[in-house]
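Engineer: This structure is in structure tokens; I'll ask about it shortly.
Values in this text are rule-based calculations from the coordinates and carry no lab data. Keep in mind that this is a model prediction, so the values were computed, not measured. Positions of Cβ are backbone-derived with ideal geometry, glycine not excepted, and every protein chain shown enters the neighbour counts.
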Amino acid sequence: MKKIFAVFAVFMATVAVATAAEGFCLVQGHKSRGRIVVGANCGADSVAAALLQKFVDRISGARLPIISGVRPAKGDVAIGDFQLPVDGFDKKDIKPGGFRISTLGGTLRIVGNSDRSSVYGVAELLERYLGVEYLGAGEYTFTPSRDIVFPAIDITDNPAFSYRQIPSYMSREDAVYKLWHRLETPDDVFAGGYWVHTFDHLLPSDVYGKEHPEYYSWFRGKRNPGKASQWCLTNDEVFEIVSARIDSIFRANPGSKIISVSQNDGNYTNCQCEKCKAIDDYEGSPSGSLIRFLNKLASRFPDKQFSTLAYLYTMHPPKHTRPLPNVNIMLCDIDCDREVSLTENASGRDFVKALTGWSAISDNIYVWDYAINFDNYLSPFPNFHILQPNIRLFRDNHVTMHHCQMSSSLGTNFCELRSWLAAKLMWNPDADVDALMHRFLNGYYGAAAPYLYRYIKMMEGALLGSGSRLWIYDSPVTFKEGMLRPELLTRYAELVDSAEKAVAGDDKLQKRVRRERLTLQYSELEILRTRRESAPSDAAAKLSLFESRVNEFGVTTLNERNNSPQEYCALYRQRFMPSAMPGKSLGAQVTFIEPPTGKYVVMGESGALTDGLFGGSTFVESWVGWEGKDGSLTVDLGEQKEFTSVSTDFLHQLGAWILLPQEVNYSISVDGTHYTAFGGYSLPEDRSPQVKYVAFSYNSTSPVTARYIRVDVKGVVTCPEWHYGVGHPCWFFMDEITVE
Ligand SMILES: [Zn+2]
């Protein structure tokens, strides 16, 4: 055994010596030594050639000529599929999306086997051999050199997933970034942009709903046509109309092979008519009727792929029906917590059960994962430690397409690092995460890197140590006794201070560090507004600094609903700034007549409505909610007081099924028994996707005196047809009742 090993070692050494001698010289003394030859008919190869030309020029000052229609010679770079018979060179090991780079035979060949993969090969060449790091949108580093010489190269590199999607702002703003990191977008692949939640696009309820309510879901005793309702999947006419529509979409997009036929966004809206329900009961999941419908489509169009969602009510697979091979299962783990990997907490384990279930009956799975806080983009999101185990889990369970939603907006917590790292792991789930993190931090933040690394690790430890969950709709307030405790915020700030100091004098790097500090600033402001003891001047100074920084960096949005930071700052001044003059209702006792729902009764009775603190943009703190009904309560001011205005505050957040009430009426009483009307306020329907707070205020022209105030709220009660929750109870959320 020992001897064999020794022989092998000698053989390896010989190969190394021989290949090093065959190094490939592209530029010498700033002068190009070869040409870039591209295949005659491939757009991606031309893009790859231009990318190589550009970076070689930047590095060495030499401009390589790009030519096509000729046979590459020794010393040329050949990009694309040329018939150049060379011993040992073939394409059999290149998988979809992969590439081979080789200097065998004296030509530097870069060849891929799908649309864009020769570009990926060029990016690999530049990154691995010339040290170019492409870190952000238009942000890259390289070392200038008079010569460009490659060692002998012969590598084949294949991705773990054939499709990789990270919808970062960098990909949106910089086409090169997207290509460099080998990312794709649905438009690249899905016919006519039909990618997700397509039911209403394929069978619009405003076209068919009125005349054919039977095409849509039956639940809660009736058919519910609506933009967010689902289909009656056992209705044959639905199948025929949708088939015809799909046929025409594919005809209009002859290059596309896949289309999404997938449920509208929303839960509990699936059809429960007798026929659909019988199938779903037999299959043990509402995915039963869905997959049978998809299989019918897949049989009718056998050369096409049909992607459908396994999401919310369809997350778990059917017991009996197997998806056909050309049915793609798009599985979403939206409900999972992210403080630990998916195999380690209860919500994750439920998803893993769904994943392994689908994996047992399909090897055509697309996983949609989340690494973002949708309601508070600037919240910390310490999940770097779970990226790798989750991505490996997907790879090991027949996932071929992977989408991770993250980094969608500038200013979100370590968004450049997050996207860069996830892209590397989507290509190679076994890469060394820690080494990659150091590499990125050093490249992007320079001398600030060690402090930021410690900051990331400290917060990760604090999250795990606190035992708290990490949810994609949290608020920083959720963590104010955990990973965002004052003692920890102080230490994070010290590390970011040190990071800033380490790059003092370098404007570009300091800006990047300061952009990362926004997370801490935002967290502090959010937590500050929940503490009555905060000094007004302190809050004002922190808010001003935050405002000037978001303006300086061009941060455009704070959440999925596109609320701007400027709007946030204005509202903060108006609602949250600690006031020197407390209202007359501060600390007043609230008694419910039509009480809130569930846990909100206790919250309401223990003072949330009269504590002088306003709820923030998520319903997870301070807000008191009523579901599917009107609300009514009285406020006892403790003694008769004189006032002119009564105001209550409501939250508008359609994504969480929280709709503003239709009407609020106030009446007043001196004895708590006999009430007289004080005033009222009504509001038209609001379909805006943005998160809002709306005050229902009534101001009387002359002061009144009373001890009791009654508040009657008329809610919307049921989600309307245009809403995701069509036909289901909706909420209204109330906070601070202010009497002045
Ligand atoms: Zn039905």
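Engineer: Mind sorting Tyr492, Tyr140 by how few other Cβ atoms lie within 10 Å of their own Cβ, fewest first?
Structural biologist: Numbers: Tyr492 23, Tyr140 19.
Fewest-to-most ranking of Tyr492, Tyr140: Tyr140, Tyr492.
Engineer: Now for a different question. Cross-link candidates for Lys296: which aspartates and glutamates have Cα within less than 12 Å, leaving aside residues fewer than 8 places away along the same chain?
Structural biologist: Counting by Cα, and skipping residues close in sequence, Lys296 has these aspartates and glutamates nearby: Asp236, Glu240.
Engineer: Between the helical axis of 236-252 and the dominant principal axis of the chain, each derived from Cα atoms, what acute angle in degrees is found, rounded to the nearest 10?
Structural biologist: 50 degrees
Engineer: What is the extension gain from Asp303 to Gln640, computed as 0.36 nm multiplied by their sequence separation minus the C-alpha to C-alpha distance, in nm to one decimal?
Structural biologist: Working: separation 337, 0.36 × 337 = 121.32 nm, distance 7.76 nm.
My answer for the length gained is 113.6 nm.
Engineer: Between rounded, prolate and oblate, where does the stretch 401-523 land on the alpha carbon gyration tensor, with a ≥ b ≥ c its root eigenvalues, rounded for a/c under 1.5, else prolate if a/b exceeds b/c? Walk me through the numbers before you get to the answer.
Structural biologist: Details: a/c = 1.60, a/b = 1.03, b/c = 1.55.
Note, shape of the stretch 401-523 comes out oblate.
Engineer: Angle between the Cα long axis of helix 274-283 and the longest principal axis of the chain, 0 to 90 degrees, nearest 10?
Structural biologist: 60 degrees
Engineer: If you line up the long axis of helix 536-553 against the longest principal axis of the chain, both from Cα atoms, how many degrees apart are they, to the nearest 10?
Structural biologist: Approximately 30 degrees, to the nearest 10.
Engineer: Using R₀ = 45 Å, calculate the FRET efficiency as 1/(1 + (r/R₀)^6) where r is the Cβ-Cβ separation of Ser564 and Thr143; round to 0.05.
Structural biologist: Details: r = 40 Å, r/R0 = 0.88.
Here the calculated transfer efficiency is 0.70.
Engineer: Stokes-Einstein diffusion coefficient for the stretch 190-324 at 4 °C in a medium of 1.567 mPa s, Rh from the Kirkwood formula over Cα pairs: what value in µm²/s?
Structural biologist: Numbers: Rh = 14.8 Å.
Rounded, D is 87 µm²/s.
Engineer: Do me a favour and compute the ellipsoid semi-axes for the stretch 589-739 from its Cα gyration tensor, root of five times each eigenvalue, largest one first, whole Å. Please report the intermediate quantities before stating the final value.
Structural biologist: Details: eigenvalues 140, 49, 37 Å².
After diagonalising the Cα gyration tensor, the semi-axes are 26, 16, 14 Å.
Engineer: Then there's this: Sequence neighbours fewer than 8 away in the same chain don't count; with that in mind, list the lysines whose C-alpha is under 24 Å from Lys210.
Structural biologist: Lys222, Lys227, Lys275, Lys277
Engineer: Let me ask you something else. Run the quick spin-label model on Ser248 and Arg532: label points 7 Å from Cα toward the beta carbon, then report their separation in nm to one decimal.
Structural biologist: Placing both labels 7 Å beyond Cα along the Cβ direction yields 6.3 nm.
Engineer: With the cut-off at 1.5 for a/c, could you classify the stretch 278-396 from its C-alpha gyration tensor as rounded, prolate or oblate? Mind showing how you got there, number by number?
Structural biologist: On the way: a/c = 2.17, a/b = 1.94, b/c = 1.12.
Cα axes put the stretch 278-396 in the prolate bin.
Engineer: Could you list the GluC sites (Glu not before Pro) in the stretch 506-584 that lie in coil according to DSSP, counting only those with at most 11 other Cβ atoms within 10 Å of their Cβ? Before the final figure, lay out each step's value.
Structural biologist: Values: sites: Glu516, Glu524, Glu526, Glu533, Glu547, Glu552, Glu560, Glu567; in loops: Glu533, Glu560.
Listed in order of number, the matching sites are Glu533.
Engineer: Separation of the stretch 629-693 and the stretch 111-130 by C-alpha centroid, Å?
Structural biologist: 61 Å
Engineer: Quick check on the chain: helices-only [θ] at 222 nm, where DSSP H runs of length 4 and up contribute -39,500 (n - 2.57) each and the sum goes over total residues. Nearest 500, please. Provide the component values of the computation, followed by the final result.
Structural biologist: On the way: 21 runs with 249 residues, N = 740.
Computed mean residue ellipticity for the chain: -10500 deg cm²/dmol.
Engineer: Roughly how far apart, in whole Å, are the Cα centres of the stretch 506-556 and the stretch 591-609?
Structural biologist: The distance from the Cα centre of the stretch 506-556 to that of the stretch 591-609 comes to 33 Å.
Engineer: Set the Förster radius R0 to 30 Å, insert the Cβ-Cβ distance between Asp206 and Asn551 as r into 1/(1 + (r/R0)^6), and round the FRET efficiency to 0.05.
Structural biologist: Once rounded, the FRET efficiency stands at 0.15.
Engineer: Order these peptides, 698-709, 598-609, by their mean beta-carbon neighbour count within 10 angstrom, highest first.
Structural biologist: Working: 698-709: 14.5, 598-609: 16.3.
Going from most to least packed, we get 598-609, 698-709.
Engineer: Please work out whether the chain counts as rounded, prolate or oblate from its C-alpha gyration tensor, where a ≥ b ≥ c are the square roots of the eigenvalues and a/c under 1.5 means rounded, while otherwise a/b larger than b/c means prolate and anything else oblate?
Structural biologist: Values: a/c = 2.54, a/b = 1.54, b/c = 1.64.
Oblate, since a/c reaches 1.5 and b/c is not below a/b.
Engineer: Here's a follow-up. So which lysines pass the test for Lys501, namely a Cα distance under 17 Å, with those fewer than 8 places away in the same chain ruled out?
Structural biologist: Lys511
Engineer: Between Glu481 and Gln589, what is the FRET efficiency for a Förster distance of 30 Å, r being their Cβ-Cβ separation, to the nearest 0.05?
Structural biologist: On the way: r = 27 Å, r/R0 = 0.89.
My answer for the efficiency is 0.65.
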